[in-house]
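Engineer: My structure is below; once you've seen it, I'll send some questions.
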Ligand code: FA5
Ligand code: MG
């Protein structure tokens, strides 16, 4: 679910006007208290880890969409060997990683030069190479298994922040997670002495299901540290913070120009625990605003703790799939994982912005399911169960009705859209899927079907 934070000041219809917003004086930009995922202020509910998080194997149709790593019992990332048994632990109540997620580790779509994500990553590299020759150090195979400390504590995510919950993050055990953002590497890289870096990698989140959300996606983190010499010589009025904010905007403004021709975009003030002020950039796509990146001026505390007292820094984290969807006209985020030649053959190294031609439009099939929820019910858990049964054949899970009766019981009705990107689904197959989904939802979420 992606409520939009709209402010009249931030609504821009043309790139030129977006650029005008970039040049709003930082002091005039107030941080909104409204916020989203890593910026979210949703009431925190730490869930007990239920066993339903481990889901049944996906049906043949879903399996066919997977790639070879699905069958592997171990994969390697950046020289680190990751075994299935170390990540998927059915009997460990502190683990909530299903096989569908393990099967994505090590695929590293961003390392493929002919894949839209690899093409996009390389184009962003070109921008930084051209404008900051030799300055930005690039990391793209850091291990996605990180400590809770790296993922949250090191970037000042409060102890009760919703993103730490088992509902939102994949925990390998009480101390280890699949990183939910590339910001997890900021502190260690600062400690290693880096001042300019880009970190690209796969990140993992329990989330809702629709065409722009997927539980595994790719981010690129950018980070730049400034020393007092940088801003004292700038002749700029105001604080070091203002200097960093202005440079951040200039840098992302240039990146937007490098990537896009004309596109509608707007800036939205937001909140992140690790930056202040903080902003998100949204781009108009498929008749709606799509959030593509978060950024801001790094909190002093992070610099102080990691050997950069008296410095300032900016950081950004952009969603590669979201940008690639706009640039290549890719209508559904699941397509990035497709091995179908009709998809993969359309992209080639160095060719940014080639418009994707859908090979065929297969019809979606909708099935509704109503049930009385209980106190533990969350939409992310529902999506995890549905995805565990239907795999990538599920396109969207959407709440379409919600009411509470006189006895205080709350009913939800969800509409599930099934659609393959690659073939027509038979009625029988969909009925089977829906039957299995209903059974799994009933037994694993302990809800009462209506
Ligand atoms: C973050 O992850 C912050 N770490 C970004 C950041 C870095 C802010 C440094 C400030 C400084 P957020 O949760 O908004 O923020 O995610 C960043 C981007 O990832 C989003 O703008 C969006 O493009 C992408 N994204 C988020 N969730 C998903 C998802 N489920 N599927 C695909 N892309 C997603
Ligand atoms: Mg966001």
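Engineer: With respect to the numbered conditions (1) modelled with pLDDT of 95 or more; (2) part of a helix (DSSP H, G or I), which one is the sole condition not fulfilled by residue 402?
Structural biologist: Only one criterion in (1) modelled with pLDDT of 95 or more; (2) part of a helix (DSSP H, G or I) is unmet by residue 402, namely (2).
Engineer: Name the residues in region 215-242 that are modelled with pLDDT of 90 or more, surrounded by fewer than 21 Cβ atoms within 10 Å (Cβ to Cβ) and in a loop (DSSP other than H, G, I, E, B), would you?
Structural biologist: Of everything in region 215-242, just one residue is modelled with pLDDT of 90 or more, surrounded by fewer than 21 Cβ atoms within 10 Å (Cβ to Cβ) and in a loop (DSSP other than H, G, I, E, B), namely 227.
Engineer: Would you pick out the residues in region 254-274 that are within 18 Å of the chain's Cα centre (by Cα) and either assigned to a strand (DSSP E or B) or crowded, with 21+ Cβ neighbours inside 10 Å (or both)? It would help to see each step written out before you state the result.
Structural biologist: Going residue by residue through region 254-274, those that are within 18 Å of the chain's Cα centre (by Cα) are 268, 270-274.
Hits for region 254-274 are 268, 270, 271, 272, 274.
Engineer: Also, quick follow-up: Pairs please, first residue from region 274-291 and more than 28 Å from residue 261 (Cβ to Cβ) and away from ligand 2 (no atom under 12 Å from the Cβ), second anywhere and at pLDDT below 85 and not in a strand (DSSP E or B), Cβ atoms under 6 Å, 6+ apart in sequence or on different chains.
Structural biologist: Sorted first by the residue in region 274-291, then by its partner, the pairs are 277/29; 277/31.
Engineer: Need the failing condition index for residue 299 against (1) over 21 Å from the mean Cα position of the chain (by Cα); (2) modelled with pLDDT under 85; (3) within 13 Å of ligand 1 (Cβ to nearest atom), just the number.
Structural biologist: That leaves (2) as the condition not met.
Engineer: On the basis of being buried (at least 21 other Cβ atoms within 10 Å of the Cβ), modelled with pLDDT under 95 and part of a helix (DSSP H, G or I), does residue 245 make the cut?
Structural biologist: Answer is yes for this residue.
Engineer: Related question: When you scan region 190-241, how many residues do you find that are more than 16 Å from ligand 2 (Cβ to nearest atom), farther than 26 Å from residue 133 by Cβ and out of contact with any strand residue (DSSP E or B) (no Cβ under 9 Å at 6 or more places or on another chain)? Working first, answer last.
Structural biologist: Taking region 190-241 first, the residues more than 16 Å from ligand 2 (Cβ to nearest atom) are 190-202, 209, 211, 216, 223-241.
Right, trim to farther than 26 Å from residue 133 by Cβ and you get 202, 209, 211, 216, 237-239, 241.
Among the residues that remain, those that are also out of contact with any strand residue (DSSP E or B) (no Cβ under 9 Å at 6 or more places or on another chain) are: 237-238.
Result for region 190-241: 2.
Engineer: Could I ask something else about it? Name every residue in region 404-432 that is crowded, with 17+ Cβ neighbours inside 10 Å and closer than 26 Å to residue 344 by Cβ, in order of residue number.
Structural biologist: Correct list: 417, 418, 419, 420, 421, 422, 425, 429.
Engineer: Considering each residue of region 281-296, count those that are more than 28 Å from residue 158 (Cβ to Cβ) and within 7 Å of ligand 1 (Cβ to nearest atom), and give that number. Break it down into steps so the answer makes sense when it comes.
Structural biologist: Step one: filter region 281-296 for residues more than 28 Å from residue 158 (Cβ to Cβ), giving 283-288.
If we keep only those that are within 7 Å of ligand 1 (Cβ to nearest atom) as well, we get none.
The number of residues fulfilling the criteria is 0.
The values are calculated or read from the model by the stated rules, or taken from the named source; none is laboratory data. All of these numbers come straight from a predicted model, not from anything done at the bench. Because the Cβ atoms are built from the backbone with ideal geometry, glycine has one as well, and the counts that use them run over all protein chains shown.
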